[in-house]
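Take a look at the structure set out below.
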């Protein structure tokens, strides 16, 4: 069954009362060369503080994300739901973001670039701070993450700036 996410967006009526502006089902999209990984881009922003106006919502709804796994404006955020099928291809990458990775279902391994692996189960949360990492589903069931990405300054270590590394 394909990844499907319900997105409910609130707003205000002309009297300032809360309303549901939209209630929709989103189907996960895959990218060429990334079989077994589907994701729904829920919302993104490109400034802080966030612009909660109706005019800004249309752009935020369709997403500002151009570079596939990080925000890039220096002040942005992304919320994304991603499903990794068992055996989906792993890719080691780093982003210039602070990421909250919340495992909603299934099990998955977080692999770091020096070989350390941490096994994650449903409900676990990873705070990803600009490190090289890969998500590896070696199980028999899909795993689903909610990711919240927040623009950050590049991590620094050993006197060097650790910039985004994202394979094509």
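The values are calculated or read from the model by the stated rules, or taken from the named source; none is laboratory data. This structure is a prediction, so every number in the text was calculated from the model and none was measured. Backbone-built Cβ (ideal geometry, glycine too); neighbour counts: all protein chains shown.
Name every residue in region 123-167 that is touching a residue at least 60 places away in the same chain (Cβ under 8 Å) and out of contact with any strand residue (DSSP E or B) (no Cβ under 7 Å at 6 or more places or on another chain), in order of residue number.
Correct list: 163 only.
Could we say that residue 167 is part of a loop (DSSP other than H, G, I, E, B) and modelled with pLDDT of 95 or more here?
Criteria not met by residue 167.
In region 139-168, which residues are within 22 Å of residue 104 (Cα to Cα) and surrounded by 14 or more Cβ atoms within 10 Å (Cβ to Cβ)?
Residues satisfying the conditions are 139, 142, 143, 144, 145, 146, 147, 148, 149, 150.
Among the strands (runs of 3 or more DSSP E) confined wholly to region 9-121, which include 3 or more residues that are surrounded by 14 or more Cβ atoms within 10 Å (Cβ to Cβ) and either in contact with a helix residue (DSSP H, G or I) (Cβ under 7 Å, 6 or more places away or on another chain) or at pLDDT 90 or above (or both)?
Here the list reads 37-45, 77-84, 97-105, 107-112.
Take the conditions within 22 Å of residue 7 (Cα to Cα) and over 14 Å from the mean Cα position of the chain (by Cα) and apply them to residue 31. Does it pass?
For residue 31, the condition - within 22 Å of residue 7 (Cα to Cα) and over 14 Å from the mean Cα position of the chain (by Cα) - is met.
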